[in-house]
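K.L.:
Can you read through this structure? Questions will come right after.
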Amino acid sequence: MGRTVVVLGGGISGLAASYHLSRAPCPPKVVLVEGSERLGGWIRSVRGPDGAIFELGPRGIRPAGVLGARTLLMSEGEQVSELGLDSEVLPVRGDHAAAQNRFLYVGGALHALPSGISLTLKVASLAMDSLCRGVFAGNSRELSIRSCFPSLFQAEQTHRSILLGLLLGAGRGPQPDSALIRQARAERWSQWSLRGGLETLPQALNTHLTTRGVSVLRGQPVCGLSLEAEGCWKVSLGDSNLEADHIVSAIPASVLSKLLPAEAAPLARALSTITAVSVAVVNLQYRGARLPVQGFGHLVPSSEDPGILGIVYDSVAFPEQDGSPPGLRVTVMLGGSWLRTLEARGSVLSQELFQKEAEKAAATQLGLKEPPSHCLVHLHKNCIPQYTLGHWQKLESASQFLAAQKLPLTLAGASYEGVAVNDCIESGRQAAARVLGTEPNS
């Protein structure tokens with residue numbers, strides 16, 4: 001009998017781990033277990049009545065750097081073309097407004113970054129505050145720059161300036177190569193999506209996995225994990241059990257902490273402290289409306305509005321997804337201290353409340369004063385892990401515990417080393433490599 005690896009969580013990290021495990025020269029038996037009825041995690045695309053695409057989660061993937069290239073070319077084959085998606089790719093080229101223009105909403109007006117406001121220290125702190133809100137929906141005073149923005153941390157060590165780090169961007173490493181990667185580099189893509197929405201990627205991965213013999217179990221929440229005498233895991237599902245020689249956990253750290261057996265209590269304690277924040281996503285569509293500026297979108301510092309994190313101008317980057325007849329699409333992200341306070345008070349978090357706040361922000365900040373023709377409201381509970389101060393020490397202690405106890409458990413997903421789609425896919429790839437023994441346990 002070959003080894004059985006059970007992957008917990010059918011988001012993009014768990015799908016990527018399963019994909020890489022299934023492509024090994026002598027693959028183990030892989031079982032992917034997802035608690036809900038759908039795969040893809042926070043990546044979810046919804047088609048409106050007119051054919052417009054609304055992204056409820058991530059809306060684009062960055063091709064830059066080694067991780068960006070690896071997503072375009074997962075494993076040996078070109079992942080996007082191997083999954084039959086190359087004709088679906090929608091790139092945002094470097095000369096496009098959505099690639100060149102990003103804004104900050106400060107003092108009741110939109111300012112282009114970084115040229116629109118003089119680069120003073122105040123702006124650096126506003127930019128950092130907005131960046132932490134825009135990427136992590138978090139508080140810049142509580143987050144660890146080393147863990148949240150490793151390239152900025154490196155830049156600060158090198159240039160002694162976070163602002164310089166913001167402007168110079170991430171470092172470069174040796175790049176994988178393919179026709180698509182060469183095209184992305186030549187055209188300086190800032191991001192890309194897929195014609196039917198980003199959810200096309202997890203859907204294609206799922207199809208690919210089933211052709212490679214991976215068992216995909218949906219609607220099967222894991223109730224507990226226990227270690228058997230012979231060093232195997234017993235994975236308890238609602239009405240059945242699975243046996244596993246190794247587990248890849250791609251579920252949130254705090255969720256895993258509640259499932260671990262008593263022998264792993266120190267690990268559970270470390271993982272339980274990796275918390276996450278909620279974000280409300282409001283997709284708005286307007287008929288016959290125009291934006292005052294063209295760009296990717298704008299961020300809102302907490303000093304300007306404690307609830308609005310930012311607004312993405314979806315139609316600028318991906319007009320192909322505007323539907324017929326085309327309508328202007330924007331997405332308002334709400335969260336921050338305003339939402340945390342509402343949650344702590346046990347207030348009623350109604351769709352009406354989020355819609356009202358989002359429409360008000362679109363009217364005030366973008367001049368979209370007419371009522372929207374279409375609106376979707378989703379509250380994503382605990383969707384963005386917070387890498388608070390000391391986060392990397394938690395990861396180190398978790399890693400040391402796993403190594404010392406020789407536990408056949410590998411961690412993957414957004415809880416640990418990056419929340420972007422590329423980071424999650426890479427965490428799945430690394431987890432698979434560790435299980436297969438092709439990469440040192442780190």
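K.L.:
Could you list, in sequence order, all residues of region 383-440 that are of a type in the set (G, A, S) and farther than 19 Å from V30 by Cβ?
P.N.:
G390, S397, A398, S399, A403, A404, A414, S415, G418, A420
K.L.:
For region 247-275, what are the residues that are touching a Ser or Thr at 6+ places or on another chain (Cβ under 7 Å) and either without any contact (Cβ under 8 Å) to a residue 24 or more places away in the chain or not polar (S, T, N, Q) (or both)?
P.N.:
V248, A250, P252, A253, L256, S257, P261, A268, A270, L271, S272, I274
K.L.:
Kindly indicate whether V279 is closer than 30 Å to L72 by Cα, in contact with a helix residue (DSSP H, G or I) (Cβ under 7 Å, 6 or more places away or on another chain) and either basic (K, R) or in contact (Cβ under 8 Å) with a residue 40 or more places away in the chain (or both).
P.N.:
no
K.L.:
Where in region 276-350 are the strands (runs of 3 or more DSSP E), entirely inside, with at least 2 residues that are of a type in the set (S, T, Y) and either farther than 28 Å from H391 by Cβ or out of contact with any strand residue (DSSP E or B) (no Cβ under 9 Å at 6 or more places or on another chain) (or both)?
P.N.:
none
K.L.:
Right, something else. Name the residue that is modelled with the lowest pLDDT, counting only residues in region 387-409 that are open to solvent by less than 10 Å² (accessible area, probe 1.4 Å) and not in a helix (DSSP H, G or I).
P.N.:
Y387
K.L.:
Quick check on my filter: what residues within region 397-425 are of a type outside the set (A, V, I, L, M, F, W, C) and touching an Asp or Glu at 6+ places or on another chain (Cβ under 8 Å)?
P.N.:
If the condition is that a residue be of a type outside the set (A, V, I, L, M, F, W, C) and touching an Asp or Glu at 6+ places or on another chain (Cβ under 8 Å), then Q405, P408, E417, G418, D423 are the ones that fit.
K.L.:
Look through region 219-275, keep the residues that are among the charged types (D, E, K, R) and assigned to a strand (DSSP E or B), and return whichever of them is most open to solvent (accessible area, probe 1.4 Å).
P.N.:
Of everything passing the filter in region 219-275, E243 is most open to solvent (accessible area, probe 1.4 Å).
K.L.:
Within region 325-349, track down each residue that is at pLDDT below 95 and of a type in the set (S, T, Y).
P.N.:
Those that are at pLDDT below 95 and of a type in the set (S, T, Y): S337, T341, S347.
K.L.:
With the requirement that a residue be closer than 14 Å to E243 by Cα, modelled with pLDDT of 95 or more and not hydrophobic (A, V, I, L, M, F, W, C), what does region 217-231 give you?
P.N.:
G224, S226, listed by residue number.
K.L.:
Against the conditions (1) farther than 25 Å from E263 by Cα; (2) open to solvent by 50 Å² or more (accessible area, probe 1.4 Å); (3) assigned to a helix (DSSP H, G or I), where does N422 fall short? Just the number, please.
P.N.:
(2)
K.L.:
Consider I384 against the criteria (1) crowded, with 21+ Cβ neighbours inside 10 Å; (2) under 16 Å from G11 (Cα atoms): it satisfies all of them except one. Which criterion is unmet?
P.N.:
All conditions are met except number (1).
K.L.:
Filter region 283-303 for residues that are within 30 Å of D95 (Cβ to Cβ) and either open to solvent by 10 Å² or more (accessible area, probe 1.4 Å) or of a type in the set (A, V, I, L, M, F, W, C) (or both) and give the result.
P.N.:
Scanning region 283-303 gives L284, R287, G288, A289, R290, L291, P292, V293, Q294, F296, L299, V300.
K.L.:
Of the residues A420, A403, which single one is among the small types (G, A, S) and free of Cβ contacts under 8 Å to residues at least 40 places away in the same chain?
P.N.:
Exactly one of A420, A403 is among the small types (G, A, S) and free of Cβ contacts under 8 Å to residues at least 40 places away in the same chain, namely A403.
K.L.:
OK, next. Under 14 Å from A412 (Cβ atoms), hydrophobic (A, V, I, L, M, F, W, C), at pLDDT 95 or above and open to solvent by less than 20 Å² (accessible area, probe 1.4 Å): is that true of L39 in this structure?
P.N.:
No, not satisfied.
The values are calculated or read from the model by the stated rules, or taken from the named source; none is laboratory data. Everything quoted here is computed from the prediction, not taken from an experiment. Cβ sites come from the backbone with ideal geometry, for glycine too, and all protein chains shown count toward neighbours. The area values use the complete protein model at the heavy-atom level, side chains included, leaving out ligands, DNA and RNA. Shrake-Rupley method; radii C 1.70, N 1.55, O 1.52, S 1.80 Å.
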